[in-house]
Amino acid sequence: MSKTAVSRVKTVRVLPITRYSPYDSPALDVRPLTKHTARSLAKASRVPLRVASKVVTAARRGALRSTSHVAQLSMQPEYIRRIAGVALFDGDPRVAITDVLPTRGRVMSDRPFQLRVSIASGAPANGLVRVTTEWAGKPFVIERFITVKDFSRGYVDVPFDRTQTLPVGPATFEVQLLTDAGAQATFRVTCAVLPSNPFSLSISPRDHFVTGSFSACAVRSGGSMVTAVTVTLSNGNATAVAMNTGFTWEFWDGPVGSGTRVENGTGSFPGSISVPAFGTWSGWVVFTSPPGSGVFNKLDGKEDLALKIGMTRASGSSVSGEITVRTMFRFGLNITRVGSESFTSLEYSDLYAAVDVTRTIYERRDVTLSVDRRHITNAQAGGFTVITSESEARDLFEQWSGPNNDFIDVFVVPSISGTGFDGLAGDIPGPTSHSGRKSGVVVDKSGFVDGSGNARLNIPYLGMLIGHEVGHYLGLSHVSTAGNLMLSSSGATDTALNYDPQYRTIIRHGWVRID
Amino acid sequence: MPKRTKMESGEATRPSTLVNHALLPGVQEREQLNRLLRVHDPDGDVTAATEISARYAPILRQIAAEGAPAGADPVVRKRAIAWLGRFAAPDDMNALVALAQYDLDPNIRGAAVLSLGASGAQLAAPILAAALRSSDLVESVSASKALGALADRIGAERVLASISSVRDAALSRLAKAALAARAAKPRVRKRSSTNADDEGKPRRRAKSRRRK
């Protein structure tokens, strides 16, 4: 009789517990120009020391209030750009969040904590700091007033009281600083919330960064059902914990322990496992269930299963976690870079990280997606690299939609500019053909240059934007529900989809199928 | 349709702590503008067009100037820049010229160039032409389109006359070629994108390109 087997295991590199997501903002060395020395300015802006020295001298005379003033010092435009990227001029209306960290260096589960938000401004004003927390439950917001004094001190602490504690797992803090002068700065940081009890094992879907937990997706591959999950061990203790590399697994029909055990077995991670003090360890496990196996039969019948994985510490005590496994509806995306050579290697990886964000958004509502990576060269794309009208976007659909693989065409263009939109879906719902002026969606790649001068894409925003436009193509209209993906002006944290009518609408589109 | 056991989960919640926004009218105004500037689709822009007026110009200039230090949303910045070109008051034009020349981000420089072109200001022509020389695709294509838009507003001859006033023959030739190319409309035909497996790795370019 066929049986489910562990077909692949792998240890995963984990990030520091206070910068736990690859999408987090880097700490910035931004300060008022008058607080820079020539050396610090040269280092932060990557301009020659003699140039930085000239700028700092002029700033101390009070002569620099904008880039135009710096230009009067006769220097290359590139130097002016770099200096403006790390220094705030006297009276500069811009504000900056330079870092966000938990004041005690970590966030422990079910315990109050506070975040220290480091801030800078060239023209301090009263305002507020807002922290939106994405975690396993519904996002919530903490705001507090700030004053000019806070700017002088350089930071503000945001407390999370005993009613706002968090469970073990990743939590993302989207921090905004807004002043009454109309200035705004944003910063994003993710912390691994560590167990206070003090050790835990959790399971999450593989291949994308997950805040909170939701179902793991079982997919058909070569006739079998394949289930891939990430196992994370979290250590809230001040000493490292050595683990045995072996693990046990059980698939249950119904709740673990009180339902029916469908299949079970064992596996082993490579190498040795030591979970660092106040740290985490992660590994992937892939299960392959051939036709005839108990797990295959259940999933093929569209039944949900519970998966339990257990491990033991070298000292002998055991730890385990659970997740629901299910098959999902699926659609495909032709992710087409328009003007492919203009995408840097960093932007290329950012784009597919953004597509992973899109996948996460839909998998939270039990719909998954496949991706075909495609491109149109600069020479082929011509003027389509900068879209300046709806008509031009539809020309792009008409000329470039395809191939005929029943996937939705997602054209990612370097810029949509001078228009009132940053994305467009051909129709609501979009057609199930690759012809005409309605077949496809187009999105601005959301490119920007970070403080280090790297060309990057705004990953959380782009992932949401692709999800929003694809949502239109799948039949979803705008809504006014807070936090929903289909808000007409949804932001990076507006990613929720409801069951009725949104899920029920999506699965009726002709290009959505079930595994 | 298959039956699923659990579609709506009872999510855990935590209480929010909110301050009284009425005490911060500047914050309220900024957030209202953020919403209007972030509309994704063309239908949303119709709403924005009825609500954004020149009285918002100072705050729009501020949004346009917020770059890497502020972790600014590039899409909102570009939208603010487009509005400044529609108002085209002297302060707005000065802000656009500064952005077109000195912003760190070529996407923003490109947006500023497009906005200057849409404003119809003849004096902007040399700045648009200079951006044609950029090695950044967004900036150079934006410059080409901006020159076209400006020529549509004031006529190609006036655009070229303004550019020739800076006495850079090569720049004039570049601008003339860009305007000529715009006149030749591309033939509409069905083409097919290429699967990524068929191409080499994307080129490495860690740092932003410098305009030559």
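Quick note: the coordinates plus some simple rules give every number you see, no bench work behind them. Every value quoted in this text rests on a predicted model; they were computed, and no experiment measured them. Cβ placement follows ideal geometry from the backbone for every residue including glycine, while neighbour counts extend to all protein chains displayed.
Cα centroid separation, segment A:335-375 to segment B:98-177: 33 Å. Here segment A:436-515 is assigned +1 on the Cβ of each Lys and Arg and -1 on the Cβ of each Asp and Glu. Its dipole about the Cα centre then comes out at about 300 debye.
For segment A:310-457, the alpha-carbon coordinates run over 65, 42, 26 Å along the three principal axes, in decreasing order.
Under 5 Å between amide hydrogens, built in the peptide plane, is the criterion, and for A:Ser370 it picks out A:Phe331, A:Gly332, A:Leu333 among residues at least 5 positions away or on other chains.
If you wrap a convex hull around the Cα atoms of segment A:135-254, how much volume per residue is inside, in Å³? Working shown, then result.
On the way: hull volume 23.4 nm³, N = 120.
Cα convex hull per residue, to the nearest whole number: 195 Å³.
The order of A:Leu476, B:Leu123, going from fewest to most other C-beta atoms within 10 Å of their C-beta, is B:Leu123, A:Leu476.
Within segment A:170-321, all pairs of alpha-carbon atoms sorted by distance into 10 Å bins from zero give the percentages 10, 33, 30, 17, 7, 4, 0. Measuring spread by the Cα atoms of segment B:1-135 yields a radius of gyration and Dmax of 19.6, 66 Å. The Cβ shell under 13 Å around A:Ser40 holds other residues with a net charge of +4, Lys and Arg each +1, Asp and Glu each -1. Placing dummy labels 7 Å off each Cα toward the beta-carbon, the span from B:Arg153 to A:Thr260 is 7.3 nm. Charges were assigned to the Cβ only: +1 to each Lys and Arg, -1 to each Asp and Glu. The resulting dipole of segment A:321-459 about its Cα centre is roughly 240 debye. Shape annotation for segment A:380-515: C-alpha extents along the principal axes are 43, 35, 29 Å, from largest to smallest. Each part gets one Cα centre, and for segment A:476-505 versus segment B:47-63 those centres are 26 Å apart. With all pairs of different C-alpha atoms in the average, the Kirkwood value for the hydrodynamic radius of segment A:2-111 is 17.1 Å. Please compute the net charge surrounding A:Pro270, taking Lys and Arg as +1 and Asp and Glu as -1 over other residues with Cβ under 14 Å from its Cβ. Residues near A:Pro270 contribute +3 overall. Scanning residues 5 or more positions from A:Ser109 or on other chains, those with amide H under 5 Å from its amide H are A:Leu194, A:Ser196, with H placed 1.01 Å from N in the peptide plane.
Each residue of segment A:454-464 was assigned a 3J(HN,Hα) from its phi angle through the Karplus curve 6.51 cos²θ - 1.76 cosθ + 1.60 (θ = phi - 60°); the sequence is 7, 6, 10, 10, 6, 4, x, 5, 5, x, 5 Hz, with glycine and proline shown as x. Placing one equal scatterer on every Cα of chain A and applying the Debye formula, the log10 ratio I(q)/I(0) at q = 0.07, 0.10 Å⁻¹ is -0.46, -0.92.
Here the ratio of the Cα radius of gyration of segment B:124-181 to 2.2 N^0.38 Å is 0.97. Here segment A:35-78 is assigned +1 on the Cβ of each Lys and Arg and -1 on the Cβ of each Asp and Glu. Its dipole about the Cα centre then comes out at about 220 debye.
In this structure, the residue pairs whose Cα-Cα separation is over 29 Å, taken from B:Lys78/B:Lys190; A:Lys138/A:Lys308; B:Lys145/B:Lys190; A:Lys54/B:Lys145; A:Lys138/B:Lys78, are B:Lys78/B:Lys190; A:Lys54/B:Lys145; A:Lys138/B:Lys78.
Using the Karplus relation 6.51 cos²θ - 1.76 cosθ + 1.60 with θ = phi - 60°, the per-residue 3J(HN,Hα) values for segment A:19-30 come to 9, 7, 10, x, 9, 6, 6, x, 5, 10, 9, 10 Hz, with x marking Gly and Pro. Ordered by the count of other Cβ atoms within 10 Å of each Cβ, fewest first, A:Cys191, A:Cys217 give A:Cys217, A:Cys191. For the pair A:Ser268 and A:Ser391, the difference between a 0.36 nm per residue extended length and the Cα-Cα distance amounts to 38.6 nm. In order along segment A:352-359, the phi-based Karplus estimate (6.51 cos²θ - 1.76 cosθ + 1.60, θ = phi - 60°) of 3J(HN,Hα) comes to 6, 5, 5, 5, 5, 4, 4, 4 Hz; Gly and Pro are listed as x. Its Kirkwood hydrodynamic radius, worked out from the mean inverse distance over all distinct Cα pairs, puts segment A:229-316 at 14.5 Å. At what distance in angstrom do the alpha carbon centres of segment A:286-333 and segment A:215-253 lie from each other? Centre-to-centre distance over Cα atoms comes out at 9 Å. Expressed as a fraction of 2.2 N^0.38 Å, the C-alpha radius of gyration for segment A:1-55 is 2.32.
When a footprinting reagent is the concern and you count Cβ atoms within 10 Å, what order do A:Thr266, A:Thr245 take, fewest first? Working shown, then result.
On the way: A:Thr266 10, A:Thr245 16.
The most exposed by this proxy come first: A:Thr266, A:Thr245.
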